[in-house]
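Notes for the one structure printed next.
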Amino acid sequence: MPFAEHKMMTAAAVALALLESTMNANAGPTYSREQIRAFSLADLRLGMTQSEAEKVLDAAGYEGRFPKEVEDPNMVKPWIQFDRAVFVSRYTDELGVNRIWRIRYGQSFDVALSIEDLRRRVVTKYGAPTDLVGRSEIDGDTYHVPFTTEHSRARFCDAGADPSCWRTLTLGTTLSADAVQRAFKAEILEPTLSVEYQPKVLYLTLTDHGLNEAAKSAAAARVKVQSEEKSRASIKNVKMGF
Amino acid sequence: MKSIAADLLRKFVLLSPLLIYDGSACAHEFTEQNLFIAYVKLVSPQDMTPYNEVYAERFAPKASGIAGEFGQFDQKANAEKILSRNLKAFDLNEAFTVTNTAELGRYDLERQTFEFRPVSAATVYRSGAGYGPMSRIEVVFTNTKAFTGLAMEPGSARTLVEGMPSYSRRVAIDLEFRATSAAEGSDRIRSVITRIDVYSDESRRKKIGGLVPNGS
């Protein structure tokens, strides 16, 4: 290994070790994709249709409405009650039905509550988290499927431009850097539940990027097929001059 | 002569908070002091010290200028008694009334109703804009969803809209609510809206409708 590359890998490993030391990750039980998709949040579930979700939110006393068009996930308007809000991100399935791929629930409290008490309430409903992440001001847990690589470190590599970073994740394994990268890209599409604890605010987010990405891929494939069919149809009418 | 008038004035100032809370059936006015008293009553604190201090500082009658440092001593001594009496006399079942304005939306001829949303789940009324402890008590409403739409006959609706400027359909509202709960340290009162009266004029002579919770 050239010296310069070795130096870069060492620097990346040191940065990752520092990152890890601040995150205190503890591996707990993992969950299957089906188990996480079966979680309910504010009585909503991943994959639920928009009209079902509307009924649930309306019956629960939330104020809000879904815009006609599926909006950008960053532009989602919440359904609200005086102390809580639900942000619902939608995708359109192959039949043109709008469904849910992300539910973010936030609740504020009048007075600061014990994070341990809040965590106990969450664990009673969903079980023990897979990762327990403790930071100085915000605590957060995640529930996810088994990962083949350490995601907090992989995210660091994914966000950076240094390709040698991925190689640091292969240390102690028989995997190649490419395999680790591919596994990470596939695993981040799996459904997850994440919980952020603050003394006066609690956020729970149930996400299934896979549902949204699959719908987007299917839509793109449909557009491609339509475009090819159109192209084939139009070529029939073209008179060739050769 | 001057000292007798000053003495009478001082007595009136000291007594006036007791006169306000005489248990009458009037709705509570939305004032900093009323909100503070409602908050303390809802919280029912074990230790009244911080509440007495805030009351003495902000709401108890000020005697300074009339009797100088002796008046200030009286003021502190009296504040606790006055707050205690006011708390006893304050009826939480009595509604508060807050005045505001709201915008009427489009008139739906089929449903014979104006789109109207004078309050939402995000609505917060604050008792003041200060920075001291309990100087911004927030009032939030737990039943805003029930208050939407303003029913009106098409003829009246047309007359109303034609009498309004083209750029605005602003109406005056009197929102009546009852304080229901508060957690100590939150500076927030949870409330239920009991009715909203709607007027076409700011002087509130022309009532054009009222909204009450569904089913009542």
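Since every read-out is calculated from the coordinates, none of them should be taken as a lab result. All values derive from a computational prediction rather than experimental measurement. Here the Cβ positions follow ideal geometry from the backbone for every residue, glycine too, while neighbour counts run over all protein chains shown.
Past the 22 Å Cα-Cα mark, which pairs from A:Lys68/A:Lys125; A:Lys68/A:Lys216; B:Lys88/B:Lys145; A:Lys68/A:Lys230; A:Lys185/A:Lys216; A:Lys125/B:Lys145?
Check vs 22 Å cut-off fails for A:Lys68/A:Lys125; B:Lys88/B:Lys145; A:Lys68/A:Lys230; A:Lys125/B:Lys145.
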Taking 0.36 nm per residue of separation between B:Ser120 and B:Thr31 and subtracting their Cα-Cα distance, the length gained on full extension comes to 29.9 nm
Please list, in chain and number order, the residues 5+ apart from B:His28 or on another chain whose amide H is under 5 Å from its amide H, with Hs placed from the backbone.
B:Ala95, B:Phe96, B:Thr97
To make sure I understand the rule: partners must be aspartates and glutamates, Cα under 12 Å from the Cα of B:Lys62, and not fewer than 8 residues away in the same chain. Which ones qualify?
B:Asp74
Provide B:Lys76, B:Lys145, A:Lys230 in ascending order of the number of other Cβ atoms located within 10 Å of each residue's Cβ, fewest first.
A:Lys230, B:Lys76, B:Lys145
Tabulate in residue order the Karplus-calculated ³J(HN,Hα) for the range A:214-222, using 6.51 cos²θ - 1.76 cosθ + 1.60 with θ = phi - 60°, rounded to whole Hz; enter x for Gly and Pro.
4, 5, 5, 5, 4, 5, 5, 5, 4
How do A:Thr142, A:Thr130 rank when sorted from fewest to most other Cβ atoms within 10 Å of their own Cβ?
A:Thr142, A:Thr130
Mean shadow area of chain A, taken as a quarter of the surface of its Cα convex hull (nm²)
20.3
Explain nothing, just the number: relative contact order of chain A, from Cα pairs under 8 Å at least 6 residues apart, as a whole percent.
24
Give the cross-link partners of A:Lys77 among the aspartates and glutamates, using a straight C-alpha distance below 17 Å as the criterion and excluding same-chain residues fewer than 8 apart.
A:Glu54, A:Asp58, A:Glu63, A:Glu69
Could you tell me the largest-minus-smallest coordinate of the C-alpha atoms of the range B:96-211 on each of the three principal axes, in descending order and whole angstroms?
51, 24, 22
Expected integer from the mean partner chain Cβ neighbour count at 10 Å over B:172-185 is 1
Ascending count of other beta-carbon atoms within 10 Å, so fewest first, for B:Val40, B:Val124, A:Val76, A:Val201
B:Val124, A:Val201, A:Val76, B:Val40
For residues of B:32-42, the mean tally of beta carbons on other chains within 10 Å:
0
Quick check: pseudo-label points 7 Å beyond the Cα along Cα→Cβ at A:Lys236 and A:Ile115, how many nm apart are they?
6.6
Considering the range A:104-242, what Rg and Dmax in Å follow from its alpha-carbon atoms?
23.0, 82
Under 16 Å from the Cα of B:Lys207, which lysines turn up, not counting those fewer than eight places away in the same chain?
none
